[in-house]
Amino acid sequence: MDLRHLSDRTAARLVGASFLLGLAISVFMVFRSQVGGDQLNLLARGWLLAAEGRWISYGNPMSTGGKAPGGITSVLVGLPLMAWRDHRAATSVILIFHVLAYWLLDRTLRPIVSPAERVVFALLYWLNPWRMYFSAFLWNPNYLFLFGALHLWACLAQRERARVGPSFLLGAGLVLAGQIHASVLLLAMASALLWLRGYFKPHWGGGLVGAALAALPLIPWVRDLLAQPAILTEADKGFLGRGLLYVFPLVRGLLYWLRYSSLYLSEKMLRFDFGDFLAADLGARLGKGVSRVTGALLPLTALLSLLANVWLWRHRRWKLPAGASGRVWLKGYVLWTFLAAVVVFSLSPTTIMMWQALIVLHAAGLPLVLWTGVLLRSRHAARVARGFWIYTAASLTLLLLIPLGSTHYRCAGHDGSDSFGLALRHDHPMLYELHVHATCPLPVNQPQGWWPDVLPE
């Protein structure tokens, strides 16, 4: 199929087929998802709410120490457990968030991009192995894709005038996301820079009301904080400006920006073991071989992202010109979101990890989408179209390997040496009621083992 001359109808069919394929793989991944330490911490909060009516007012332990403020994670995990007592019930909510995120992004970008670029975005966002990997297991950062999509929509909706509704949702979204994971600072900084440069005009009243309502779950947290200062005072790891001082943390964060629109996945994501489907020894050996091949070849795909970002910087506009087209606005949105990431990475008190910028994955993928659209209108169009289908085949192959043998989606090989299959100090009814043991039995009653931070021993 020739990407150069796609009609709106043909593009819609390709996008629809891509969506259904990605959804089917994600559903399979949800049922394959495993439970480790971070997942048990979240499940304990949700189970206490669903089974005992006890609401934990603070979230999971943070990288910097202390606990995440607010009890929204208890609600996000606990409500689905009230309907279905299975650890995959909470994970299903994450997949729903991802579906809503893509629907909102596709709806927002459709009037701006060409039919071919819409199809390319479906590949680089919806079928992106990074996004797919984080769409189907329980973890705080995995909720954030919806808030990133909401940010783009709300900013574009207010590029010409302030509007109550988008500002209300943006304010509420930023505060709620802040109770899920601290990487919401990327969106907050991007909002500030986009406003200063005239890319969007917020309705301050609507934004403040939305933020105030979303802050209501913080009231119990403040009460508990006064009684237990340790949930905050333990947050003493690192220092502001660490990324700028040591440089490597900043560079690492910028590399993730480039990697998010490529197939250059992290080593942990490519640590395959197919022992769930093959004999244990054969599955482990085959997994190591696939890991070596993918680890050697996939980093090359990040060169495409690098070239796309260089192209975008050559066409940069620091301030939105009057009467600018949607494409010009979109390029500026990406550039200022990138600069916001530079600021946040520079100030971060810890080294940037692979999940700490997922909230802007939608923006990180747009340079390659827009550059591909330009190349498809150039003399290189035929070669670019062939390259697109080769890249699609490689991406789909990777998406089939991940649920069969990647770290978060297999039981084989988790022997207690990592956060999956970890030894627990006790057994607990929650592990049976939520079918954790049925998915992959955990070693229990180990005196030197680990235990979820809020689950009574």
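Tabulated data
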quantity: Any hit, the range 280-292, residues being surrounded by 14 or more Cβ atoms within 10 Å (Cβ to Cβ), under 20 Å from the mean Cα position of the chain (by Cα) and modelled with pLDDT of 95 or more; calculated: no
quantity: Unique match (being buried (at least 17 other Cβ atoms within 10 Å of the Cβ) and within 30 Å of Pro111 (Cα to Cα)) among Ser57, Ser18; calculated: Ser18
quantity: Spans of helices (runs of 4 or more DSSP H) in the range 366-457 with at least 2 residues aliphatic (A, V, I, L, M) and at positive phi; calculated: none
quantity: Matching residues in the range 65-108 - criterion: being closer than 28 Å to Arg223 by Cα, in contact (Cβ under 8 Å) with a residue 60 or more places away in the chain and part of a helix (DSSP H, G or I); calculated: Ile72, Thr73, Val75, Leu76, Val77, Leu81
quantity: Residue satisfying all of: in the range 207-244; assigned to a helix (DSSP H, G or I) and within 17 Å of Met353 (Cα to Cα); modelled with the lowest pLDDT among these; calculated: Gly243
quantity: Unique residue being in contact with a Leu (Cβ under 9 Å, 6 or more places away or on another chain) and over 23 Å from Lys331 (Cβ atoms) when the list is Val99, Val113; calculated: Val99
quantity: Selected residue [within 26 Å of the chain's Cα centre (by Cα) and modelled with pLDDT of 90 or more] from Ala393, Ala385, Ala438, Ala423; calculated: Ala393
quantity: Candidates Val30, Val77, filtered to the one that is under 24 Å from the mean Cα position of the chain (by Cα), farther than 26 Å from Gly387 by Cβ and surrounded by fewer than 22 Cβ atoms within 10 Å (Cβ to Cβ); calculated: Val30
quantity: Scan of the range 308-329 for residues that are touching a residue at least 60 places away in the same chain (Cβ under 8 Å), within 18 Å of Tyr260 (Cα to Cα) and not small (Gly, Ala, Ser), ordered by number; calculated: Trp311
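The values are calculated or read from the model by the stated rules, or taken from the named source; none is laboratory data. What you see is a predicted model, and the numbers here were worked out from it, not measured in a lab. In this analysis, Cβ positions are derived from the backbone assuming ideal geometry, glycine residues included, and neighbour counts consider all displayed protein chains.
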